[in-house]
Structures are given as structure tokens and as C-alpha cells.
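Undergrad: Sharing a structure below in C-alpha cells format, with a few things to ask.
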Amino acid sequence: MKRKDFFKGLAFGTLSLPLIIRGLGGKTTGQKQEAGFNINSGKTYQWNMVTTWPPNFPVLGEGCQLFADWVEKLSGGRLKIKVYGGGELVPALEAFDTVRSGAAQIGSGAAYYWAGKLPAAQFFASVPFGMNAQQLNAWVLGGGGMELWEKLYADFNLVPMLGGNTGVQMGGWFNREINSLDDLKGLKMRMPGLGGKVLEKAGGSSVLIPGGELFTALERGVIDATEWIGPYHDYKMGFYQIADYYYAPGWHEPGTALEFFVNKEIFDQLPGDLQQMLRSVSQQLNVWMLSEFETQNAIFLDKLVQEENVQLKFFNQDILDQLRIYTRETLAEITDNDPISKRVLEAYDAFRRKAGFWSSISEERYFQQLQQRYQVN
Ligand code: CA
């Protein structure tokens, strides 16, 4: 079949897909292929995915396995991905360098884990008082964020893709009430990343403790408080058994994006249809994950409050206003020392301001209205 006829067949829908594939088969071997039309390639790929999550970690680890399953099915088995939990193949936080070097082909994590080697990366995960999931998706996918992210990662021989979002996280579990900034002074809290730096400006100390040791640390008073993710994961950690108050909102992580990163040389050599498949499946997972978080968090917040009588508390406006000021100081310290961060944060902030204005008259007004309805019912 001539290529002209192939297009004609597609346009008028006169050929079934198997016919198209058979029609192209055999004639294309050794010919230069236009990206996206080499679906007859018999070559198969066996990849390893290194992740920063414990094996089978709810939602985040499960999502990686779903991603691998979908890619294998859609590619008819041409691209198989074996998923490894953090520590199974390499330590969790070596995933970035492992994929960069090509020792594994693809990885899963959150971009703020790489802030030590690439400070600007964290703006593609979460920024305290920054964009929520909806806004961050909009910036990355529609507002120019992806171009910046790709440039940033290209220098590390990686191709980034969105791989989910936690939505707004919770503020954490506390054994004392936080009524003023003074209550944060001397507070020992598990709070990684930018949020931890902000907490330290407020006089607290941020302590890094692996997830597996958190329950005991909080129970024994090694720390006074901890943040984790949201109701679903927090319930599974059992924090409600040992902490008095559950605070909202998670100002420090208002919608943390998860990512996939693929070795760029390996990605560039893939047939065009498999490249597009990876991008499309990452989007499918992006939607799946946010939906899964929203669903499970709703179910488990209800359980925590109704069955476990957890006391919900909210940081007051004075506290949040001051933490926001400390956040701007923290961000300025990063961008003052790193021109790339400055450029990325400027783009992030420009979009955040516009999106914030729109959200304030759309989502925010709608939720205010909704809230009043909940209260009367
Ligand atoms: Ca968190």
C-alpha cells in the first residue's frame, strides 16, 4: 500500500486497523519512518521503573503499576515496564540519577526531591501558598510550564511528565493547639522541603524522619507534630491514635504534583507512537491519581471524624498571613542564589496571580456558596 492510500484510508475510514498494520508490515523495514507511523515495528522494550515510593505504596505506588499495566496493554506488549519500589533496585532518592545515567529507563517521584541538585525543580511539585492541583495542571499543560520543565530536565538528560497530584494536603497532626505564632516556637515537626524552611523562620524546627518511624517518634514525643499527606494516608498511618488535633489546611503543600521522568536519549530513540503513548498514559494517570485522592480522602476524612472522633482544627488567618510572608522570604533566598530558579519562579508567579484572580471569582465563590449549603443541611 502506498502512503498516499494509507492516509486516504484513514480519512474515509475504509480500512480496519489490523488491515492498516498488515498493509504497512514488511514494506517499512529499513525505511526511514515518520514519527508516529512506525506502529508495525516488531521491536520490543523491557524497561525498569525506579520509584521513590515504598513498594505498593497506596495511590502513589499503585499508580506506577497502573501506568506500567496501561502502557503494556496499549502497546500490545511492545513496551513492558517493571516497577520497583524505593530501595528495591536503588535507594528511593537515587531514582533521579539512576534514570539520568540510563541505568533505569524511567522513574517516578516528586520534583521537590531533587531541589538539592536542581532548586528550580521544586516549583513543579509544590510551593507553600502556591497553586493547587487544578492551577498547577493548567500552568504545566496549558500555560507554558511544561516547556520550562522540559528545558530544565533536558540538561539532566531527562524528559519530565506529570504523573498525578495529591490535591491540597492536610496541615498535620499536633499534640498542642496552634492558636498563635508563638505556639510554633520550639515546635518540633516532621515537615520536609520548603514548608520546613518556613516553619524554621517561625521559630519551629523541622525534623526529617522516614515514614516508617513517624508513628513511634510522635508517640514517644521525639517530635511534637507531623504532616503526612491527607486523610486517607494519614488514617493508614494511625496518627489519630496518638495525636489530639488534626489541622487544616496544608498551606505547605497545596497540591503536590507527582512526576515521571524518562531518560532522554532512550526516549528520543523510541518509535513515535510509543513516545506519544507514554505522554498520553501519564495524563491518564494524572487524572486517575487526583480522582483517587479526592475519593479516598473524602471517605477517610469522614471515618476520622465520625468513627474516631478526631478534632479538626484550622490555622487562623494571622498565622497563615505570617507563614505566607516567611514563604516569600524563603523563595527569595532560593532565587537570589540561582538565576534559573528566578526565571522559573517568575513564570510560576505570573501564572499563579492570573489563575488566582480567576479562581477567586469562580471556584472560590462557588465553594463559599457550597459551604453555606452544607451548613444549613
Ligand atoms: Ca506532605
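The values are calculated or read from the model by the stated rules, or taken from the named source; none is laboratory data. Everything quoted here is computed from the prediction, not taken from an experiment. Every residue, glycine as well, gets a Cβ built from its backbone with ideal geometry; the counts of neighbours run over all protein chains shown. Just the protein is used for accessible areas: all its heavy atoms, side chains included, with ligands, DNA and RNA removed. Shrake-Rupley method; radii C 1.70, N 1.55, O 1.52, S 1.80 Å.
Undergrad: Using 0.36 nm per residue, how much length does the chain from Ser360 to Ser180 gain when fully extended, once their Cα-Cα distance is taken away?
TA: 62.2 nm
Undergrad: Considering amide H positions built from the backbone, and no H for Pro or chain starts, which residues 5 or more places from Arg190, or on another chain, come under 5 Å of its amide H?
TA: Val207, Ala225, Thr226, Glu227
Undergrad: A further question follows. Of the beta bridges DSSP finds with both residues in the chain, what % are antiparallel, to the nearest 5?
TA: Taking every DSSP beta bridge with both residues in the chain, the antiparallel ones total about 45 percent.
Undergrad: Residues with amide H under 5 Å of Met49's amide H, sequence separation 5 or more or different chain, H placed in the peptide plane at 1.01 Å from N; which?
TA: For Met49, the qualifying residues are Lys82, Val83, Tyr84.
Undergrad: Relative contact order for the chain: what percent, with Cα pairs under 8 Å and sequence separation of 6 or more?
TA: Here the relative contact order equals 21 percent.
Undergrad: Follow-up. Could you order the peptides 74-83, 353-362, 192-201 from most to least packed, using the average number of other C-beta atoms within 10 Å per residue?
TA: 192-201, 74-83, 353-362
Undergrad: Give me the percent of accessible area attributable to carbon and sulfur for the chain, probe 1.4 angstrom.
TA: That share works out to 52 percent.
Undergrad: Along the positive direction of the dipole of region 251-377 (beta-carbon charges: Lys, Arg +1; Asp, Glu -1; about the Cα centre), which of Val287, Ser362, Asn297 reaches farthest?
TA: Going by the Cα projections, it comes out as Ser362.
Undergrad: I'd like to check one number: the per residue accessible area of region 247-307, probe 1.4 Å, reported in Å² as a whole number.
TA: Using a 1.4 Å probe on heavy atoms only, each residue of region 247-307 averages 38 Å².
Undergrad: Roughly speaking, what is the stretch gain from Leu370 to Val222, that is 0.36 nm per residue apart minus the C-alpha to C-alpha distance, in nm to one decimal?
TA: 49.2 nm
Undergrad: I need the calculated FRET efficiency for the pair Gln306 and Glu147, taking r as the beta carbon distance and R₀ as 35 Å, to the nearest 0.05.
TA: That pair, Gln306 with Glu147, gives E of 0.15.
Undergrad: Could you sort 221-228, 60-67 so that the peptide with the highest average Cβ count within 10 Å comes first and the rest follow in order?
TA: Result, highest mean first: 60-67, 221-228.
Undergrad: Over all distinct Cα pairs, what is the inverse of the mean 1/r for region 75-230, reported as the Kirkwood hydrodynamic radius in Å?
TA: In region 75-230 this quantity evaluates to 17.7 Å.
Undergrad: For region 155-172 and region 303-377, what is the separation of their C-alpha centers, rounded to whole Å?
TA: Answer, in whole Å: 17.
Undergrad: Next question. Can you compute the modelled spin-label distance between Ala298 and Asn56, with each label point 7 Å from Cα toward Cβ, in nm?
TA: Output for this residue pair reads 2.8 nm.
Undergrad: Got a sec to turn the phi values of region 345-355 into Karplus ³J(HN,Hα) couplings, 6.51 cos²θ - 1.76 cosθ + 1.60 with θ = phi - 60°, whole Hz, x for Gly and Pro?
TA: With coefficients 6.51, -1.76 and 1.60, one gets 5, 4, 5, 4, 5, 4, 6, 4, 5, 5, 5 Hz.
Undergrad: If you consider only alpha-carbon coordinates, what radius of gyration and Dmax does the chain have, in Å?
TA: Both quantities, over Cα of the chain: 23.2, 77 Å.
Undergrad: Given H placed 1.01 Å from N in the peptide plane, which residues other than close sequence neighbours of Lys313 have an amide H under 5 Å from its amide H?
TA: Counting only residues 5 or more places away or on other chains, the set is Tyr246, Tyr247, Ala248.
Undergrad: Continuing with the same structure: For a quick check of your reading of the filter: which trypsin sites (Lys or Arg not before Pro) in region 120-191 sit in a DSSP loop and have no more than 12 other Cβ atoms within 10 Å?
TA: Of the trypsin sites (Lys or Arg not before Pro), the ones in loops of region 120-191 whose Cβ has at most 12 other Cβ atoms within 10 Å are Arg176, Lys185.
Undergrad: OK, next. Here are some pairs, Lys201/Lys342; Lys80/Lys117; Lys117/Lys313; which of them have Cα atoms lying more than 27 Å apart in this structure?
TA: From the list (Lys201/Lys342; Lys80/Lys117; Lys117/Lys313), the Cα-Cα distance tops 27 Å for Lys80/Lys117; Lys117/Lys313.
Undergrad: Also, I was wondering about something else. Taking N as the number of residues in region 44-100, what value does Rg over Cα atoms divided by 2.2 N^0.38 Å take?
TA: 1.11
Undergrad: Would you calculate, for the chain, the mean residue ellipticity at 222 nm contributed by helices, counting each DSSP H stretch of 4 or more residues as -39,500 (n - 2.57) and dividing by all residues, to the nearest 500?
TA: Helix contribution divided over all residues of the chain: -15500 deg cm²/dmol.
Undergrad: Of Lys73/Lys264; Lys236/Lys303; Lys82/Lys264, which ones are farther than 21 Å apart at the Cα?
TA: Too far apart for the 21 Å limit: Lys73/Lys264.
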